[in-house]
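Engineer: This structure is in C-alpha cells; I'll ask about it shortly.
Just so it is clear, none of the values below were taken in a lab; they were calculated from the coordinates. The shown structure was predicted, so the numbers you read here are calculated from the model rather than taken from an experiment. Positions of Cβ are generated from backbone atoms using ideal geometry, with glycine treated the same way; all protein chains shown enter the neighbour counts.
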Amino acid sequence: VELALGITVERLGKLKELGSRVALRTVLFGAIMGVALGIPYFGDVMSLVGAFSTSLLLCVVPVVCYLRIRGWRQLGWPMRILCIAVAAIGIYACVLGAKGAIEDLRADIANDK
C-alpha cells in the first residue's frame with residue numbers, strides 16, 4: 001500500500017516518509033478496528049472463516065496440487081491411499097470446525113435477543 005501511494009524515502013525525504021508511514025498505518029489500524037467493533041459477532045464470523053480456510057489450505061489444497069503435478073495414474077496404491085486419507089482428514093476437520101463455529105454463532109445470536 002505504501003509503495004502504491006508513493007511513500008518512499010527518495011520521493012518524500014526521511015522525516016516525511018516516516019510521518020506518512022505512521023499516519024497511514026494508524027488510519028488502517030483504526031479502519032480495521034472500526035470494522036471489527038462495528039460488525040456484530042465478528043469473532044464468530046472469523047471463527048467460521050478460519051474453520052473453512054485453515055483445514056482446507058493445510059490438508060486439501062496441498063494434496064490437490066500434488067495430484068495435479070504428479071498425476072493420479074502415476075502414483076502407486078499406497079500414495080493414493082495416503083492422499084485420500086489426508087484430504088479426508090482435512091475435510092472432516094473443516095466440517096467439525098464449521099459446525100462448532102455455526103453453533104457458537106447461533107448461541108450468541110440467541111442470547112442477544
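Engineer: Within a Cβ distance under 14 Å of Lys16, other residues only, what is the Lys/Arg minus Asp/Glu net charge?
Structural biologist: Once all neighbours under 14 Å are counted, the net charge is 0.
Engineer: Net charge around Leu67, counting only other residues with Cβ within less than 12 Å of its Cβ (Lys, Arg = +1; Asp, Glu = -1)?
Structural biologist: Here the charged neighbours net out to +4.
Engineer: Only four residue types carry charge here, +1 at the Cβ of Lys and Arg and -1 at the Cβ of Asp and Glu. Report the dipole size of the chain about the Cα centre in Debye, rounded to the nearest 20.
Structural biologist: Magnitude of the dipole: close to 540 debye.
Engineer: I need the helices of the chain that pass two filters: whole DSSP H segments spanning 24 Å or more by Cα along the axis, and mean Kyte-Doolittle score no lower than -1.0.
Structural biologist: Span-like helices here: 14-38, 77-112.
Engineer: Which of Gly38, Trp77, Ala4 sits closest to the plus end of the dipole of the chain, meaning its Cα is farthest towards the positive end, when Lys and Arg get +1 and Asp and Glu get -1 on the C-beta?
Structural biologist: Trp77
Engineer: Taking only DSSP H segments of four or more residues, each worth -39500 (n - 2.57), what value at 222 nm results for the chain once the sum is divided by all its residues, to the nearest 500 deg cm²/dmol?
Structural biologist: -26500 deg cm²/dmol
Engineer: Assuming a ≥ b ≥ c are the square roots of the Cα gyration tensor eigenvalues, decide whether the range 51-113 counts as rounded (a/c under 1.5), prolate (otherwise, with a/b larger than b/c) or oblate.
Structural biologist: prolate
Engineer: If you wrap the chain's Cα atoms in a convex hull and average its projection over all directions, what's the area in nm²?
Structural biologist: Orientation-averaged projected area of the Cα hull: 11.4 nm².
Engineer: Please list the equivalent ellipsoid semi-axes of the range 1-40, computed as the square roots of five times the alpha-carbon gyration tensor eigenvalues, in descending order and whole angstrom.
Structural biologist: In descending order, the three semi-axes are 27, 9, 4 Å.
Engineer: Run the numbers on the chain and let me know its relative contact order in percent, using alpha-carbon pairs under 8 Å that are six or more apart.
Structural biologist: Result for the chain is 32 percent.
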